[in-house]
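Q: Below is a structure I'd like to ask you about.
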Amino acid sequence: MARTFGGDQTEDYTDRVVGTYGYMAPEYAFNGQFSTKSDIFSFGIMVLEIAWTLLKEGKPFELIDVWLRDSYDNPQEVLHCIHIGLLCVQQSPLERPSMPSVAFMLKSENVVLPQPKPPGYFMERVEPQEIHFIVLPITL
(Lines give C-alpha, C1' and ligand atoms only; values in the text may rest on other atoms or scores of the structure.)
Protein backbone atom coordinates (compact mmCIF):
# COMPACT_ATOMS: atom_id res chain seq x y z
CA MET A 1 0.00 0.00 0.00
CA ALA A 2 2.69 2.48 0.94
CA ARG A 3 4.06 2.45 -2.58
CA THR A 4 0.93 4.35 -3.74
CA PHE A 5 2.29 7.53 -2.12
CA GLY A 6 3.79 10.32 -4.14
CA GLY A 7 6.78 12.51 -3.27
CA ASP A 8 7.11 13.09 0.45
CA GLN A 9 3.58 11.93 1.26
CA THR A 10 3.44 9.67 4.34
CA GLU A 11 -0.28 8.96 4.74
CA ASP A 12 -3.61 9.16 2.94
CA TYR A 13 -7.26 8.10 3.20
CA THR A 14 -9.46 5.93 1.02
CA ASP A 15 -13.19 5.24 0.81
CA ARG A 16 -12.53 1.78 -0.62
CA VAL A 17 -10.87 -0.55 1.88
CA VAL A 18 -9.64 -3.76 0.22
CA GLY A 19 -7.47 -6.64 1.38
CA THR A 20 -7.40 -9.41 3.93
CA TYR A 21 -8.71 -8.06 7.24
CA GLY A 22 -6.35 -10.12 9.39
CA TYR A 23 -3.37 -8.35 7.82
CA MET A 24 -4.84 -4.84 7.71
CA ALA A 25 -3.73 -2.17 10.12
CA PRO A 26 -6.66 -1.17 12.36
CA GLU A 27 -6.63 2.46 11.21
CA TYR A 28 -6.95 1.29 7.61
CA ALA A 29 -9.65 -1.32 8.25
CA PHE A 30 -11.81 0.98 10.38
CA ASN A 31 -11.10 4.48 9.00
CA GLY A 32 -9.57 4.01 5.55
CA GLN A 33 -6.38 5.76 6.71
CA PHE A 34 -3.17 4.21 5.43
CA SER A 35 0.51 5.04 5.67
CA THR A 36 3.90 3.37 5.53
CA LYS A 37 3.09 2.18 9.07
CA SER A 38 0.20 0.14 7.59
CA ASP A 39 2.79 -1.99 5.80
CA ILE A 40 4.75 -2.34 9.06
CA PHE A 41 1.61 -3.71 10.76
CA SER A 42 1.10 -6.27 7.96
CA PHE A 43 4.77 -7.31 8.16
CA GLY A 44 4.44 -7.81 11.92
CA ILE A 45 1.34 -9.96 11.48
CA MET A 46 3.20 -12.17 8.98
CA VAL A 47 6.20 -12.60 11.30
CA LEU A 48 3.96 -13.45 14.24
CA GLU A 49 1.80 -15.81 12.20
CA ILE A 50 4.85 -17.80 11.09
CA ALA A 51 6.43 -17.76 14.57
CA TRP A 52 3.16 -18.69 16.32
CA THR A 53 2.48 -21.60 13.98
CA LEU A 54 5.97 -22.99 14.54
CA LEU A 55 5.68 -22.45 18.29
CA LYS A 56 2.32 -24.29 18.44
CA GLU A 57 3.82 -27.17 16.46
CA GLY A 58 6.74 -27.35 18.92
CA LYS A 59 9.20 -26.23 16.24
CA PRO A 60 10.05 -22.58 17.00
CA PHE A 61 13.62 -22.99 15.82
CA GLU A 62 12.45 -23.78 12.30
CA LEU A 63 12.09 -20.01 12.05
CA ILE A 64 15.86 -20.15 11.58
CA ASP A 65 17.17 -20.62 8.05
CA VAL A 66 18.00 -24.30 7.39
CA TRP A 67 21.59 -23.39 6.46
CA LEU A 68 22.14 -21.70 9.82
CA ARG A 69 20.34 -24.17 12.07
CA ASP A 70 23.30 -26.53 12.62
CA SER A 71 25.59 -23.72 13.74
CA TYR A 72 22.86 -21.98 15.70
CA ASP A 73 23.48 -21.65 19.40
CA ASN A 74 21.33 -18.68 20.46
CA PRO A 75 17.64 -19.46 20.98
CA GLN A 76 17.13 -15.89 22.24
CA GLU A 77 17.23 -14.69 18.63
CA VAL A 78 13.92 -16.43 17.91
CA LEU A 79 12.33 -14.58 20.83
CA HIS A 80 13.98 -11.39 19.56
CA CYS A 81 12.15 -11.79 16.22
CA ILE A 82 8.84 -12.40 17.97
CA HIS A 83 9.38 -9.27 20.10
CA ILE A 84 10.02 -7.22 16.95
CA GLY A 85 6.86 -8.67 15.41
CA LEU A 86 4.88 -7.49 18.44
CA LEU A 87 6.30 -3.98 18.06
CA CYS A 88 5.16 -3.94 14.43
CA VAL A 89 1.52 -4.63 15.34
CA GLN A 90 1.03 -1.89 17.92
CA GLN A 91 -2.40 -0.23 17.87
CA SER A 92 -1.08 3.26 17.20
CA PRO A 93 0.90 3.77 13.98
CA LEU A 94 3.12 6.19 15.90
CA GLU A 95 4.21 3.35 18.20
CA ARG A 96 5.20 1.06 15.31
CA PRO A 97 8.83 1.17 14.18
CA SER A 98 9.81 2.24 10.68
CA MET A 99 11.06 -0.45 8.28
CA PRO A 100 14.67 0.82 8.56
CA SER A 101 14.29 0.51 12.36
CA VAL A 102 12.96 -3.04 11.96
CA ALA A 103 15.95 -3.92 9.78
CA PHE A 104 18.31 -2.39 12.37
CA MET A 105 16.64 -4.30 15.23
CA LEU A 106 16.83 -7.58 13.30
CA LYS A 107 20.56 -7.07 12.61
CA SER A 108 21.48 -5.88 16.11
CA GLU A 109 22.12 -8.39 18.87
CA ASN A 110 22.50 -5.96 21.76
CA VAL A 111 19.79 -3.42 21.02
CA VAL A 112 17.33 -2.83 23.87
CA LEU A 113 13.84 -3.20 22.44
CA PRO A 114 10.92 -1.19 23.80
CA GLN A 115 8.30 -3.20 25.65
CA PRO A 116 5.31 -3.79 23.35
CA LYS A 117 1.89 -2.82 24.61
CA PRO A 118 -0.95 -5.36 24.56
CA PRO A 119 -2.81 -5.49 21.22
CA GLY A 120 -5.43 -2.78 20.96
CA TYR A 121 -7.74 -4.68 18.67
CA PHE A 122 -8.89 -8.23 18.81
CA MET A 123 -11.14 -9.42 16.03
CA GLU A 124 -12.53 -12.89 16.51
CA ARG A 125 -14.51 -14.85 13.98
CA VAL A 126 -17.84 -16.05 15.27
CA GLU A 127 -20.23 -18.58 13.86
CA PRO A 128 -23.44 -17.08 12.41
CA GLN A 129 -25.55 -18.68 15.15
CA GLU A 130 -23.46 -16.84 17.77
CA ILE A 131 -24.22 -13.38 16.39
CA HIS A 132 -26.81 -11.41 18.34
CA PHE A 133 -28.34 -8.07 17.43
CA ILE A 134 -29.78 -5.33 19.58
CA VAL A 135 -32.09 -2.80 17.92
CA LEU A 136 -32.33 0.54 19.65
CA PRO A 137 -34.83 3.23 18.66
CA ILE A 138 -33.27 6.44 17.39
CA THR A 139 -35.00 9.81 17.37
CA LEU A 140 -33.78 12.78 15.36
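Residue-wise test of (1) buried (at least 18 other Cβ atoms within 10 Å of the Cβ); (2) farther than 24 Å from Ser101 by Cα; (3) aliphatic (A, V, I, L, M).
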{"site": "Gly32", "(1), (2), (3)": "no, yes, no"}
{"site": "Trp52", "(1), (2), (3)": "no, no, no"}
{"site": "Glu62", "(1), (2), (3)": "no, yes, no"}
{"site": "Leu68", "(1), (2), (3)": "no, no, yes"}
{"site": "Gly85", "(1), (2), (3)": "yes, no, no"}
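Q: Moving on to the next point. Can you work out which of the residues in region 65-91 that are part of a loop (DSSP other than H, G, I, E, B) and within 23 Å of Ile40 (Cβ to Cβ) is nearest to the chain's Cα centre (by Cα)?
A: Here the answer is Val89.
Q: How about region 21-42: which of its residues are within 8 Å of the chain's Cα centre (by Cα), assigned to a helix (DSSP H, G or I) and either within 15 Å of Leu87 (Cβ to Cβ) or among the aliphatic types (A, V, I, L, M) (or both)?
A: Matches in region 21-42: Ile40, Phe41, Ser42.
Q: Scan region 52-69 and report the pairs whose first residue is farther than 13 Å from Ile82 by Cβ and whose second residue is not small (Gly, Ala, Ser), with Cβ atoms within less than 7 Å and a gap of 6+ or a chain change.
A: Glu62/Leu54; Arg69/Phe61
Q: Tell me, yes or no, whether region 102-125 has at least one residue that is at pLDDT below 50, at negative phi and among the polar types (S, T, N, Q).
A: Checked region 102-125: no residue is at pLDDT below 50, at negative phi and among the polar types (S, T, N, Q).
The values are calculated or read from the model by the stated rules, or taken from the named source; none is laboratory data. None of these values were measured; they are calculated from a predicted model. Glycine gets a Cβ as well: all are built from the backbone with ideal geometry, and neighbour counts include every protein chain shown.
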